[in-house]
1. What span do the alpha-carbon atoms of the stretch 166-318 cover on each of the three principal axes, reported in whole Å from largest to smallest?
2. Using a 4.7 Å cut-off between beta carbons, which cysteines in the chain end up with no partner cysteine at all?
3. Show me, for the stretch 29-35, the HN-Hα J-couplings you get by feeding each phi into the Karplus relation (A = 6.51, B = -1.76, C = 1.60, θ = phi - 60°), rounded to Hz, glycine and proline as x.
4. Where both residues lie in the chain, what percent of DSSP beta bridges are antiparallel, nearest 5?
5. Using 10 Å bins from zero, what percent of all Cα-Cα pairs in the stretch 230-349 falls into each bin?
6. Within 13 Å, Cβ to Cβ, of residue 13, how many net charges do the neighbouring residues add up to if Lys/Arg are +1 and Asp/Glu are -1?
7. Which residue, 142, 113, 349, tops the fluctuation ranking in a GNM of the chain built on C-alpha contacts under 10 Å?
8. How large are Rg and Dmax for the chain when only the alpha carbon atoms are used, in Å?
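A short reminder: the numbers here are calculations on the coordinates, not readings from a lab. Predicted model, so just to flag it, every value in this text is computed and none were measured. Quick reminder, even Gly has a Cβ in these numbers, built from the backbone with ideal geometry, and neighbours come from all protein chains shown.
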Amino acid sequence: MSLRSRNTSVPLGVYVHWPYCARICPYCDFNVYKNREIDAARWRQALTRDLEYWAERTGARPLRSLYFGGGTPSLAPIDVIAGVIETCADLWGFEPGAEITIEANPTDAEEKRFADFAGAGVNRLSLGVQSFDDAALKFLGRDHDGAAARRAVEAGLSRFARLSFDLIYALPGEDMRAWRRALRAALAIGAGHLSLYQLTIEEGTAFARAVARGRWAPPAQDVAADLFEAAQEETARAGLPAYEISNHARAGEESRHNLLYWTGGDYIGVGPGAHGRLTETPGRVATETPLAPALYLNTVKTAGCGASLFERLSDEAALTERLAMGLRLKEGVLLTPGEMAALAPWRDRIAALGAQGLLQADGARLAATDRGRRLLNAVLAALFA
Ligand SMILES: C[S@@+](CC[C@H](N)C(=O)[O-])C[C@H]1O[C@@H](n2cnc3c(N)ncnc32)[C@H](O)[C@@H]1O
Ligand code: SF4
């Protein structure tokens, strides 16, 4: 056992970032790079070595979840995906019912790989559908059309016990009727989980440049707020209510991996630009790997671990993060007696936000109201100012 004492009561997951995409979408500011020749053996070796470092540090704690995100991990060599799953099984093992998710774009080429993913142990698929409408997909610069998206969802549903897909809404000119119609059609497909993201204009993207030049504008705030409210109604009516700001699920279909982020669980982040959090004694540790793929591979080679940043969070920073993440959930945060005591200096602000109908405190539970969740950034700014 290392000098750091381990906390085995906190659930643990692994996030693997695969940074390559066939092409870069004009709205996306994730850590992504255009696909080029991949040295599968080198990636497999680097990810294995990084995971071995973390297993040594955490000790034996079966994993609740493993998540391949990106980028486009569904384009990664299958050897890399299967290798990571095997390595995790050997190093930690999985909890019964553990969730193994891969993100995929809904192209026909990727659909052909679903069987390989399932064969390797993936049991949940997250498809970046974005829209089923050809014109919207063209605007978003996507590689697929609506028919390919439907084919991929159908193929995914027949292959995986659990499936989620992402839609982006609040595109320029999108009105309430069009959005409700699109949402009802999407809900009728019968997936157990949906992620609905309002289009965000991220700095440095092609969309940010287009908006700055006045080529088009996203819908006004009040229109976007109405579209958000419509999403709450439609999904609840279909039996997939919101359990988080952008995430909707049938009961039991919530993302177990993302719940680790929102409930203060532990997660290891490997691959370029991956973040991690571990509960250790004397405190929670935040980690980050280098963004550039070549730098990540080199860091693992020279240091035996991919993380280039290790930060021990102060109690205050850890509590702030716990609220920022936990208040995203409809059920909010169940505070420990220690956290309740630490929150005492914020009591007046919590009461003021409660009076504005943005927060609700009920004993040890602190939650944002529906409106508070939609305005969560402003609520957090007011809380922590
Ligand atoms: C990092 S992507 C990975 C999924 C996969 N590569 C894809 O594009 O289908 C995860 C999701 O984030 C959402 N997303 C990315 N950038 C966004 C933006 N600027 N506004 C809204 N949603 C965004 C998309 O719905 C996307 O499916
Ligand atoms: S949205 Fe998905 S496919 Fe497009 S650039 Fe971002 S990660 Fe890659």
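1. Computed over the Cα atoms, the extents are 55, 44, 32 Å.
2. 21, 88, 305
3. My calculation for the stretch 29-35 gives 10, 6, 7, 10, 9, 5, 3 Hz in order.
4. Values: 23 of 57 bridges.
Of all bridge pairs located within the chain, approximately 40 percent are antiparallel.
5. 12, 31, 29, 21, 6, 0
6. Details: positive: 61, 64, 124, 256, 277; negative: 95, 99, 266.
Net charge around residue 13: +2.
7. The residue that fluctuates most here is 349.
8. 21.0, 60
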